[in-house]
1. Tabulate in residue order the Karplus-calculated ³J(HN,Hα) for segment 107-113, using 6.51 cos²θ - 1.76 cosθ + 1.60 with θ = phi - 60°, rounded to whole Hz; enter x for Gly and Pro.
2. Short version: ³J(HN,Hα) in whole Hz for each residue of segment 126-140, in order, from phi by Karplus 6.51 cos²θ - 1.76 cosθ + 1.60 (θ = phi - 60°), x for Gly and Pro, what are they?
3. Please list the equivalent ellipsoid semi-axes of segment 81-140, computed as the square roots of five times the alpha-carbon gyration tensor eigenvalues, in descending order and whole angstrom.
4. What part of the accessible area of segment 29-140, given as a whole %, is carbon or sulfur when the probe is 1.4 angstrom?
5. Using r as the Cβ-Cβ distance of residue 40 and residue 104, and R0 as 25 Å, what FRET efficiency do you calculate, to the nearest 0.05?
6. Take peptides 115-122, 70-77, 56-63 and line them up by average Cβ neighbours within 10 Å, highest first, as a rough protection proxy.
7. Using a 1.4 Å probe and counting only protein heavy atoms, arrange 33, 24 so the residue with the most accessible area comes first.
8. Mind listing the Cα extents of segment 12-128 along all three principal axes, in Å, largest one first?
Amino acid sequence: MRQATRLIIEDGEDIIFIKRTKKVSGSPKVFYVLPGGFIDEGETPEQAGIREAKEELTLDVVLDGFFTKEYVEELDKEEFYYFAKILNGRPRPGKGEEFKNMSIDSPYGLYEIAKINRKEIAAYDILPITIKDKLVATYV
């Protein structure tokens, strides 16, 4: 089973997401995920979150508490979720693999940085749905 870390990064009244557009059954599907990625060998979930914020968003962050842990059955992946605060930078596409050679036809699909007002997150297709539900319960 793979493990990953995801971050809830607040920027004013907004939460930073990655807007994904990917072909599913031949048609484009748009959904939103929290930034983050796989935990490398020898890394803690916390270290992975800090590294991924830099790689994906060019942000220096500090973790600000544990949110939850989820098992994503269809991906056989355990994900750790943390709150994070921005120390330095502003969100921009980073140098992670997912931002290179983006195409709707690539395995990654298209990645864009998106800010969603925390009071409006219920209106968006945020995955996994269990995390969306917990975010809505926390913010709305």
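The values are calculated or read from the model by the stated rules, or taken from the named source; none is laboratory data. It should be emphasised that the depicted structure is a prediction, and the values quoted were computed from it without experimental measurement. Cβ placement follows ideal geometry from the backbone for every residue including glycine, while neighbour counts extend to all protein chains displayed. Please note that ligands, DNA and RNA were not included when accessible areas were found on the heavy atoms of the full protein model with its side chains. Shrake-Rupley method; radii C 1.70, N 1.55, O 1.52, S 1.80 Å.
1. Whole-Hz 3J(HN,Hα) from phi for segment 107-113: x, 7, x, 9, 10, 9, 7.
2. After applying 6.51 cos²θ - 1.76 cosθ + 1.60, I find 9, 10, x, 4, 5, 6, 4, 4, 5, 5, 4, 5, 7, 10, 9 Hz.
3. Rounded to whole Å, the semi-axes are 24, 17, 10.
4. 52 percent
5. FRET efficiency, residue 40 to residue 104: 0.35.
6. 56-63, 115-122, 70-77
7. These residues rank, largest area first, as 24, 33.
8. Per principal axis, max minus min of the Cα coordinates gives 39, 34, 27 Å.
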